[in-house]
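The values are calculated or read from the model by the stated rules, or taken from the named source; none is laboratory data. Bear in mind the structure is a predicted one, so any value in this text is a computation, not a measurement. Methodologically, a virtual Cβ is constructed for each residue, glycine included, from the backbone with ideal geometry; neighbour enumeration extends over all protein chains shown.
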Amino acid sequence: MNEPMNKDVPPLLGSWKRIYAVVLGELLLCILLFRLFSWAFS
Amino acid sequence: MSRLDWFVLGGALLFVVLWGLYKGRGATTGEGYIGGGRDHRWWLIGLSIIATQTSAITFLSTPGQAYVDGMRFVQFYFGLPLAAVILSITILPLYHRLKVSTAYEILEARFDLKTRLLAAGLFLIQRSLAVGLTIFAPALVLSVLLGWNLHVNILLVGTLVMIYTVTGGTKAVAWAHSSQMLIIACGMILAGVMTAYRLPSHVSFSDALHVAGGLGRLNVIDTHFDPNNRYNLWSGLIGGTFLMLSYFGTDQSQVQRYLAGSSVTQSRLGLLLNGMIKVPMQFLILLLGALVFVFYQFHTPPLFFNPGPVKQVMASPDAAAYRALEVDFVKAREGQSRMAEAYVTARHGGDAALIAATKQQLQQAHADSEAVRRKGVALIEKANPGTKPSDTNYIFLAYVLSSLPVGLVGLVIAAVFSGSMSSMSGEISALGATTVVDLWRRLIGGSQGVREVWVGRIATFAWGCFAMAFAEYAARLGSLIEAVNILGSLFYGTILGIFITAFYVKRVRGGAAFYAALVAEVGVIACFKFTSISFLWYNLIGCAAVVGLSWCFSLSQPSGAAPLTSE
């Protein structure tokens, strides 16, 4: 029941792996920016 | 409120209801009513997911949270993008392949009927209670601050929601969500811009952030690991991921939103859109709260923003002592304002030593005024025995009513109503769908078609009435409300554990999963009653307990899982 079901191609970036990387990259960027934000104004 | 505010509020609510009715017309089958025709595009799914999760209390409580405690609450949402990616890879394609209408159908295919009914039952219990609070909490705030009748408020929100939700089902809910998100976005963005604009003219945005940061309100990231600390990086990333996996993967109020997608691609993109938007959105709402905090460094706030408990003090023997504290508080805040002015002036001068000295004086002045406030809160607690006095939910709306211009007040209150309506509609629609699919269709054997549309409408209407009745009852619950608020985390871990066992622990069969879930649920409730572990961790504990116990129980059963096939 865990077989890959990635037949659908995303409309952007060509593959789902890249889209997932963008989502997780944005989270990482947010955490880094928030850390910088806290540091800059504390 | 002025006439213009009433006009904006009335126009916005009318638009939401008419838009939902118009776009939701034409459901002629049960699948069309519950599944929304399965033709939704990714952006509509994404907006609908965000709107369902975003309740009115999000807008009332979150800025107040930043005002009182700083911005660390945003860490609560760090698990959401992770959960969105995991669900997009695992469960979402499976739901589409099996063409299920509710999340719980899948459990009968993998385990048995009783496990499906257990998960559906846990959802019906926790969600039906939560939806009552969804409309009660903002109605209470509005009734206290605006003097509106609480019962009329609950009845108004409930009735407006039911007009389009009962009539049009999932499609009406999704399209109404899009209009509600538009109102919410306009209201919050304009409120943020206006708050920055209303700071004293010599206080720049950068000055405002330095004042907020200097007083500990920009503490966004806390890397210190502490299981008893509700909001830090690790509770957000670990506990938050399990909570979000459970909420978005197994809670029908969210599953129903993305199952309405026209394809796996559309559903995935909608879920991932939510994963990308939610963290920045919560950050901006918290930043708005931090700006309100800065606004009140240059204007004197009330000693306590919630006037309800204050009335109790004024009617008690401590009234004179409280009035004296109010005078002390005004004096302390005037001193604090002078220190804030001195700090900003020092920053403009650029003398590092003077900046450090004035910052320290500002922090001391803030500590002094907070000490007076704490004495006031102690008197409030004395006059309201058995309650934990809190004004967090009242800060933002009190600020809006006293400080924002005519017209914008109406728009922000329309955003509060929209938040209340968007959560309630998504939730009663999901409660209705679960009742129809997992109980009526499965147990009674009802057929799909026009009859099922009417059964769905009756079920949705009944759950809406139950939500309003519980909201009325909640007014008498007092401090129990906090317990009901964390109800979700008491059940989510167990439900997620059942699903993870279904997907990844192949040797486990129905009986083992069912009894493991019951034992795990008792364990989670014991954690809540007898330990101080923060509620986010209940999701991990409940989930791990179900997986571990079901594996242990399965050792006494023949191995091998039932094949997972479409019903």
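Side notes on the structure shown:
- For the stretch B:88-105, taking the residues that are in contact with an Asp or Glu (Cβ under 9 Å, 6 or more places away or on another chain) and among the aliphatic types (A, V, I, L, M), the one that is nearest to the other protein chains (Cβ to nearest Cβ) is identified as B:98.
- For residue B:386, the conditions (1) crowded, with 24+ Cβ neighbours inside 10 Å; (2) under 16 Å from residue B:308 (Cα atoms) are fulfilled apart from (1).
- Checked against (1) outside any helix (DSSP H, G or I); (2) surrounded by 21 or more Cβ atoms within 10 Å (Cβ to Cβ), residue B:26 passes all but condition (2).
- Within the stretch B:248-272, the set of residues being of a type in the set (Gly, Ala, Ser), under 26 Å from residue B:428 (Cβ atoms) and outside any helix (DSSP H, G or I) comprises B:260, B:261, B:262.
- Checked against (1) over 26 Å from the mean Cα position of the chain (by Cα); (2) within 18 Å of residue B:118 (Cβ to Cβ); (3) at pLDDT 90 or above, residue B:510 passes all but condition (3).
- Once the stretch B:462-488 is narrowed to residues that are modelled with pLDDT of 60 or more, more than 19 Å from residue B:432 (Cα to Cα) and more than 16 Å from the chain's Cα centre (by Cα), the residue that is surrounded by the most Cβ atoms within 10 Å (Cβ to Cβ) is B:474.
- Residues (among the β-branched types (Val, Ile, Thr) and under 16 Å from residue B:211 (Cα atoms)) located in the stretch B:316-358: B:344, B:345, B:355, B:358
- Of the set (1) touching a residue at least 40 places away in the same chain (Cβ under 8 Å); (2) within 13 Å of chain A (Cβ to nearest Cβ), all apply to residue B:292 but (2).
- Within the stretch B:257-273, the set of residues being among the hydroxyl-bearing types (Ser, Thr, Tyr) and at the interface with chain A (Cβ under 7 Å from one of its Cβ atoms) comprises B:263, B:265.
- Of all residues in the stretch B:199-247, those satisfying the criterion of being away from chain A (no Cβ under 13 Å) and part of a helix (DSSP H, G or I) are B:235, B:238, B:239, B:242, B:243, B:245, B:246, B:247.
- Within this structure, residue B:262 fails the test of being hydroxyl-bearing (Ser, Thr, Tyr) and buried (at least 24 other Cβ atoms within 10 Å of the Cβ).
- For the stretch B:364-383, a residue qualifies if it is surrounded by fewer than 19 Cβ atoms within 10 Å (Cβ to Cβ), more than 27 Å from the chain's Cα centre (by Cα) and free of Cβ contacts under 8 Å to residues at least 40 places away in the same chain, and the qualifying residues are B:364, B:367, B:368, B:370, B:371, B:374, B:378.
- Scanning the stretch B:160-198 for residues that are in a helix (DSSP H, G or I), out of contact with any Gly (no Cβ under 9 Å at 6 or more places or on another chain) and surrounded by fewer than 19 Cβ atoms within 10 Å (Cβ to Cβ) yields B:182, B:185, B:186, B:189, B:190, B:192, B:193, B:194, B:196, B:197.
- Output for the stretch A:1-37, where each listed residue is modelled with pLDDT under 90, within 8 Å of another protein chain (Cβ to nearest Cβ) and surrounded by 12 or more Cβ atoms within 10 Å (Cβ to Cβ): A:1, A:5, A:6, A:8, A:10
- The stretch B:29-55, residues that are in a loop (DSSP other than H, G, I, E, B) and surrounded by fewer than 23 Cβ atoms within 10 Å (Cβ to Cβ): B:29, B:39, B:41
- Evaluation of residue B:289 against the conditions (1) at pLDDT 90 or above; (2) in a loop (DSSP other than H, G, I, E, B); (3) assigned by TED's automatic domain parsing to the domain that holds residue B:150 shows that the sole unmet condition is (2).
- Looking only at the stretch B:529-553, and only at residues there that are among the aromatic types (Phe, Trp, Tyr) and surrounded by fewer than 18 Cβ atoms within 10 Å (Cβ to Cβ), the one that is modelled with the highest pLDDT: B:551
- The residues in the stretch B:1-22 that are under 24 Å from residue B:435 (Cβ atoms) and buried (at least 18 other Cβ atoms within 10 Å of the Cβ) can be counted, and the count is 2.
- Matching residues, the stretch B:331-362, being hydrophobic (A, V, I, L, M, F, W, C) and buried (at least 16 other Cβ atoms within 10 Å of the Cβ): B:332, B:339, B:340, B:342, B:344, B:346, B:355, B:362
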